[in-house]
Amino acid sequence: MTAYNPPTALPRNILERSDVRTAIAAHDFGTVFRIARSEARISYSKIAAECDIKPERVGSLARGEGSVTTFDKIARIADALRIPGHLLGLAAREWEKSESSGRVHSTPARPNATKRDGDDTVRRREFFMASAGVGLAASLPELDQIDTGRRIGRSVPDQLRMRTARLRRLDDILGGGDTYRVYLGEYQATKRLIRNQSYTEETGRALLSVLAEQAQQAGWAAFDGGKDADASSLYEDSYQVAKDAGDTALAGNALAFLAYQKINGDRRAGVQTAERSCRTAGPDAPPGVRTLLYERLAWAYAVGGDADGTQQALNAAEAALSEDDGTRQPDWATWVDRNELQIMTGRCWTELRRPLRAVPVLEEALAHYDDAHARDKSLYLSWLADSYLSAGEVEQAASITGRALELSAGVASVRPRQRIRPTLQQLSAYRELPAVAEVLEMASS
């Protein structure tokens, strides 16, 4: 019996290249696929078959569209391309152990199915933390390489924007407490680049647009990590820079971030800022941007108690999402899809105390939401628990709150616990119920 060697295994000389290792560490599989085809003559169809990915999806990734974030799929790619686990933040793969010990296997290792509890959950969390660290260590030096000449060419803003998009993926799996310094460092480095080097007017506007995008990412991490003052300052800086760049979509998004932050204090100011964000971006903004801004406007209306305004904004978001005019969407808005809009819809109706509307959409959306996105899923579950409480379903609310607590454990974000705390206070009135007593004990431990 001979060891199985997939036809998509990367040659050693390619696997050892610094640019390939940087792409691997950052989970930029599109770049890896592209290099595999152009330099190792490994076709996209072979990659698709071995990685269990649709061929058109492989092509899209190679064009820089989308990303791979789930543990099982990344593990499958590692096995198909024979990428050693440590390069991805994974434990050594079975085939690596076989090669080092002389034992052979007739088929490649298959990752285990996802489990709700137990070793797999822990293994995934450790994987994401480790892979994020490896990716940063590998990718951060690139900006120093860009910052070597005194004259910046037209390609540099595109390089920085791609780099920003790659680092944004960390927010899928880590909280602001882990990412804030990274994102802030990127923002500050780009500011130095703009200040110290020369470029054409067109390149200067493109650099300012990237800077505005980086400020928003750093501001979001600050907000998520409980640094509200830093967040506000970064959002305001982003708005001004985006205006200077002539990027109305980013300017509108900066206002939407400010509205999201303000709504918890001054509801009227939050609503006004959210309305202004939609006007600033305007009707010509890409559909994904308008979807994002309208759903945030819906949230502002919901927190303000305006059910009619909420429904109108959700309708506008749905209409924008349904548009398919071929416009390339900015990376910072591509995460908004139909599932995310469903979640926002459920959140809004929860806030308006309409559990009969909220529960079905939240249940359906969260059924398709990966546990790897622990912070966001724990937050969204908290709204589902709230709706069940409003409907008088106390034990179901307790069960879902317990799940939210499990997911939020170890996440460097202040928001899940802030969201869960009021629900726990309401549940404490029913502590005689075993399900409630169990979740209250979990929360206190």
Under 12 Å, Cβ to Cβ, from A317 - net charge with Lys/Arg +1 and Asp/Glu -1:
-2
Please compute the Kirkwood hydrodynamic radius of the stretch 247-336 from all pairs of different C-alpha atoms, in Å with one decimal.
12.7 Å
Listed residues S238, S277, S45, most fluctuating in the chain (Gaussian network, C-alpha, under 10 Å)
S45
Out of the chymotrypsin sites (Phe, Trp or Tyr not before Pro) in the stretch 1-93, which ones are loop residues according to DSSP with at most 15 other C-beta atoms within 10 Å?
Y4
Lys/Arg Cβ at +1, Asp/Glu Cβ at -1, dipole of the chain taken about the Cα centre: which of Q342, Y239, G185 is farthest positive-ward?
G185
Using only the alpha-carbon atoms, what does the stretch 358-445 span along each of its principal axes? Please give whole angstrom values in decreasing order.
33, 30, 18
Give the Cα extents of the stretch 140-245 along the principal axes, in whole Å, largest first.
38, 28, 18
Report the net charge of residues surrounding R431, where surrounding means a beta-carbon distance below 11 angstrom and charges are Lys +1, Arg +1, Asp -1, Glu -1.
-3
In nm², what is the average projected area of the convex hull enclosing the Cα atoms of the chain?
23.1 nm²
Where is the GNM fluctuation largest for the chain (alpha-carbon springs, 10 angstrom cutoff): G219, G175, G410?
G410
Cα shape, the stretch 294-445, gyration tensor, a/c 1.5 rule
prolate
In a Gaussian network model over the chain where Cα atoms closer than 10 Å are linked, find which of Q159, Q272, Q418 has the largest mean-square fluctuation.
Q418
Over 25 Å between Cα atoms, which of K262/K377; K191/K262; K46/K377; K46/K73; K73/K191; K191/K243 qualify?
K191/K262; K46/K377; K73/K191
Determine the sum of side-chain charges near T273: Lys and Arg each +1, Asp and Glu each -1, restricted to other residues whose C-beta is under 14 angstrom from that of T273.
+3
If you put +1 on each Lys and Arg Cβ and -1 on each Asp and Glu Cβ, how big is the dipole of the stretch 140-245 around its Cα centre, in Debye rounded to 20?
400 debye
Got a sec to turn the phi values of the stretch 306-313 into Karplus ³J(HN,Hα) couplings, 6.51 cos²θ - 1.76 cosθ + 1.60 with θ = phi - 60°, whole Hz, x for Gly and Pro?
9, 5, 5, x, 4, 5, 4, 5
Average projected area [Cα convex hull, the stretch 313-352], square nanometres:
3.2 nm²
Would you work out the charge dipole size for the stretch 275-343 about its Cα centre, treating the Cβ of every Lys and Arg as +1 and the Cβ of every Asp and Glu as -1, and quote it to the nearest 20 debye?
200 debye
Positive-end extreme of charge dipole, the chain - chosen from Q418, G304, L389 (charges on Cβ):
Q418
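Readers should treat all values here as calculations from the given coordinates under stated rules, not as data from a laboratory. What you are looking at is a predicted structure, and each value in this text was computed from that prediction instead of being measured. Note that each Cβ is placed from the backbone with ideal geometry, even for glycine, and that neighbours are counted across all protein chains shown.
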